[in-house]
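Since every read-out is calculated from the coordinates, none of them should be taken as a lab result. Keep in mind it's a predicted model, so treat the numbers as computed, not measured. Heads up, the Cβs are rebuilt from the backbone with ideal geometry, glycines too, and the neighbour counts pull from every protein chain shown.
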């Protein structure tokens with residue numbers, strides 16, 4: 001080994017960095033050696049720069065893995081929201097939620113509004129911020145979640161699934177609206193709510209106003225039991241206005257007509 005170090009130092013360095021999984025150091029150490037030579041860096045400064053390269057690389061890979069595991073439908077951030085498009089969007093409040101204090105306090109967020117007004121976009125933007133801060137996030141459609149819970153129950157793996165879900169620090173349930181709930185599905189959904197109560201955070205988007213959640217569940221009693229836990233520590237955002245998609249489509253049609261008339 002000693003002889004190999006002197007006969008082929010580059011090979012030794014590459015192998016050791018690969019062995020210790022120093023991915024970014026292995027890719028960039030030669031370029032950094034050149035920079036250190038040109039700038040006359042001391043040993044300590046050179047080592048600090050080398051370590052920072054690896055630190056930043058590992059952080060970026062972790063954030064990317066968290067975002068991939070979150071299963072977002074889009075990659076839009078809160079900074080990409082066009083608040084002028086819908087006057088009912090409270091920019092200050094949304095940006096405050098994006099700072100994730102609610103997540104640190106294990107609070108919930110419920111976003112209510114008609115289809116297309118940006119509910120999922122806001123939830124996704126907050127979720128991406130959470131991934132960037134190192135939190136484990138999962139974005140899931142409400143119907144798909146209920147179907148998965150039912151499947152896990154039938155296969156006898158529900159408790160294992162719930163255990164894995166409990167490790168998710170921010171669970172985003174999208175489109176909790178007009179699901180055909182029965183007593184069993186309702187009970188499964190309630191287990192999720194009860195499991196996370198005052199332990200971890202939920203974001204729920206829905207078309208149904210809170211006062212009509214009895215239409216979503218089997219009755220007012222079930223709706224009250226679920227809302228009691230959800231609303232205890234909760235930020236409620238209500239959005240009105242036209243659909244982004246419909247309004248955007250109408251604008252496109254108008255532009256085409258103007259162009260045609262010209």
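Shape analysis of the stretch 58-158 based on the Cα gyration tensor places the equivalent ellipsoid semi-axes at 26, 19, 13 Å, largest first.
The stretch 92-239 has equivalent-ellipsoid semi-axes of 23, 19, 13 Å, by the square roots of 5 times the alpha carbon gyration tensor eigenvalues, sorted largest first.
Report the calculated FRET efficiency for residue 106 and residue 236 (r = Cβ-Cβ distance, R0 = 25 Å), to the nearest 0.05. Intermediate results must be reported in sequence, preceding the final value.
Details: r = 17 Å, r/R0 = 0.66.
Between residue 106 and residue 236 the formula returns 0.90.
Among 33, 146, 122, the largest mean-square fluctuation in a Gaussian network model of the chain (Cα springs under 10 Å) belongs to 33.
Label separation (residue 59 vs residue 160): 3.7 nm, computed from points 7 Å beyond Cα along the C-beta direction.
Given just the C-alpha atoms of the chain, how large is their convex hull per residue in cubic angstrom?
Taking only Cα atoms, the chain has a hull volume of 239 Å³ per residue.
Give me the angle, in degrees from 0 to 90, between the Cα long axis of helix 244-261 and the longest principal axis of the Cα atoms of the chain, rounded to the nearest 10. That helix lies at roughly 90 degrees to the long axis. Of the residues 179, 128, 203, the one that moves most in a GNM of the chain with alpha-carbon contacts below 10 Å is 179. Relative to the longest principal axis of the Cα atoms of the chain, the long axis of helix 43-70 lies at roughly 30 degrees. Among 107, 184, 155, the largest mean-square fluctuation in a Gaussian network model of the chain (Cα springs under 10 Å) belongs to 155. The alpha carbons of the stretch 67-114 stretch over 31, 25, 21 Å along the principal axes, in descending order.
P(r) tail for the stretch 2-69: Cα pairs beyond 13 Å make up 70% of the total.
Mean residue ellipticity at 222 nm, helices only, the chain: -18500 deg cm²/dmol; runs of at least 4 DSSP H residues each add -39,500 (n - 2.57), and the sum is divided by the number of residues. The ratio of the alpha-carbon radius of gyration of the stretch 127-173 to the globular-protein estimate 2.2 N^0.38 Å is 1.26. Relative to the current alpha-carbon distance between residue 20 and residue 35, full extension at 0.36 nm per residue lengthens the span by 3.0 nm. Label sites at residue 75 and residue 10, each approximated as a point 7 angstrom past Cα along Cα to Cβ, lie 3.4 nm apart.
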